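The values are calculated or read from the model by the stated rules, or taken from the named source; none is laboratory data. This one's a predicted model, so the numbers in the text were calculated from it and none came from an experiment. When we count neighbours, we look across all protein chains shown, and the Cβ atoms used for this are built from the backbone with ideal geometry, even at glycine.
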Amino acid sequence: MEPAIYLFFKGNCLEAMSHYAEVLGGEITGVFRNADAPTPENRMPGGDDMVMNMAMKLGSALVMASDNNDEMYDKPQGFRISISPTSLADFDRIYDALAKDATRVEMEPDETFWAERFAMFTDKYGTPWMLMFAGSKAQGASS
């Protein structure tokens with residue numbers, strides 16, 4: 001059994017997930033919009049372009065998402081999507097792309113006792129992220 005991440009957006013799901021796929025090297029594998037519903041009863045509240053469900057393959061992980069209208073949308077809290085880039089250069093590239101216009105930066109990229117570089121932020125779409133490049137500080141790495 002593999003867990004999947006499911007994100008909710010306030011009307012900008014397709015834009016956000018397309019951005020994530022581009023930045024992280026994911027592949028959008030399906031998008032269902034309100035306009036695709038077979039009957040009006042199968043639609044969610046909102047216009048034809050609202051995303052009912054979409055999926056992105058990211059490595060071996062599945063990230064799914066949908067739009068919510070104003071009444072149904074809740075700001076994400078109590079979790080972060082954690083990404084571990086394989087190099088400092090990749091960390092910087094991903095951070096620059098995802099943290100651009102961030103709504104909040106809880107921790108700027110910096111060295112910690114457990115990682116060569118670590119950062120926490122909430123992106124412009126409201127998704128909370130945690131990036132970590134452990135490098136030489138990885139558990140089990142020789143000193």
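Side notes on the structure shown:
- Selection count, the range 103-125, where residues are assigned to a loop (DSSP other than H, G, I, E, B) and surrounded by fewer than 19 Cβ atoms within 10 Å (Cβ to Cβ): 7
- Looking only at residues of the range 1-36 that are closer than 19 Å to Arg80 by Cα and among the β-branched types (Val, Ile, Thr), we find that the one that is surrounded by the fewest Cβ atoms within 10 Å (Cβ to Cβ) is Ile5.
- Residue satisfying condition, being touching a Leu at 6+ places or on another chain (Cβ under 7 Å) and charged (D, E, K, R), within set Asp110, Asp123: Asp123
- Taken over the range 52-83, the residue count meeting the criterion of being under 13 Å from the mean Cα position of the chain (by Cα), in a loop (DSSP other than H, G, I, E, B) and surrounded by 13 or more Cβ atoms within 10 Å (Cβ to Cβ) is 2.
- Candidates Glu15, Glu27, Glu41, filtered to the one that is free of Cβ contacts under 8 Å to residues at least 40 places away in the same chain and under 20 Å from Leu98 (Cβ atoms): Glu27
- Of all positions in the range 19-38, none carries a residue that is at pLDDT below 95, over 18 Å from the mean Cα position of the chain (by Cα) and at positive phi.
- Test: residue in the range 36-51 that is under 20 Å from Lys124 (Cα atoms), touching a helix residue (DSSP H, G or I) at 6+ places or on another chain (Cβ under 6 Å) and assigned to a strand (DSSP E or B): yes
- Only one of the numbered conditions (1) surrounded by 14 or more Cβ atoms within 10 Å (Cβ to Cβ); (2) assigned to a strand (DSSP E or B); (3) among the acidic types (Asp, Glu) is violated by Asp92, and that is (2).
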